[in-house]
Amino acid sequence: MTAQNGQSWTGIKGQFDVVIVPIIRVLPSRKVFMKDQSNTPVPGYEDNQDREDVLFESERYEKHKRTIAVLMGRYMLRYHLLLYEKFEGDLITPIILGEIAHHSISKFYHLEGGCLKLRGDAPAAAERLKHQEATNAYSISESTGIPRETVRRKIDKMVEKGWLEKGSKGEITITALVRDHFSDDFNKKLLTELLTTSTCITDLLYAD
């Protein structure tokens, strides 16, 4: 993901079944660029503010905003606690890993209506690792704001774990072990939390 900043997504299936891919979308990205259908770089999620009035009525939001804030806060707290547990108290590593993973797979997707869609010419899931786009510690530091030395140190630890591969020129790519480490159970747990919270908020914003 040098991705270009946090959805929380629950993971990309296939060769990129990584739950940390999501953490980066939780944080405001400094450099968030994906591509639209014309292959033109466009801001990743920075245009969401322009869609507020389309997604929900301001009047209903104002009526329920305190409850919505509690629901969102509860989900975010639970989300970070799960990551804290999974990464043994280290919340910097999932940010870096998430950014690397997003960068690696971003070329296989395009933005359409604010959502990511798999490109028609994307290779099969089993082949995507072979075609991923490499990144480096400098790019990860620039996109996340995390000091370069910290990024390098965390990357080296993930290389030791077998989650990342590091080339002779410092280029970084993810491995299949990342998918194996973040099992379906963990992804499903996060997805359940996300959809439950989304349903509660949707009921407040759209219920008759």
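All Cα-Cα distances of segment 80-199, cut into 10 Å bins from zero to the largest, leave 12, 38, 38, 12, 0 percent in each bin in turn. The magnitude of the dipole of segment 59-204, with charges of +1 and -1 set on the Cβ of Lys/Arg and Asp/Glu and taken from the Cα centre, is near 200 debye.
Taking the Cα centre of segment 56-144 as origin and assigning +1 to Lys and Arg Cβ atoms and -1 to Asp and Glu Cβ atoms, the resulting dipole is close to 340 debye. Rounded to the nearest whole Hz, the Karplus-based 3J(HN,Hα) values (6.51 cos²θ - 1.76 cosθ + 1.60, θ = phi - 60°) of segment 126-135 follow the sequence 5, 9, 5, 4, 6, 10, 5, 9, 6, 9, with x at glycine and proline. Here segment 129-196 is assigned +1 on the Cβ of each Lys and Arg and -1 on the Cβ of each Asp and Glu. Its dipole about the Cα centre then comes out at about 160 debye. Between the beta carbons of ASP203 and ARG119, assuming R0 = 41 Å, the FRET efficiency works out to 0.75 to the nearest 0.05.
Provide SER106, SER198, SER143, SER168 in ascending order of the number of other Cβ atoms located within 10 Å of each residue's Cβ, fewest first. Can you show the working numbers first?
Values: SER106 20, SER198 12, SER143 26, SER168 5.
Listing SER106, SER198, SER143, SER168 from fewest to most nearby Cβ atoms yields SER168, SER198, SER106, SER143.
The stretch between ILE92 and LYS107, if pulled fully straight at 0.36 nm per residue, gains 2.9 nm over its current Cα-Cα span.
Every number in this text was worked out from the coordinates using simple rules, so none of it is lab data. These numbers come from a predicted model, not from an experiment. Positions of Cβ are backbone-derived with ideal geometry, glycine not excepted, and every protein chain shown enters the neighbour counts.
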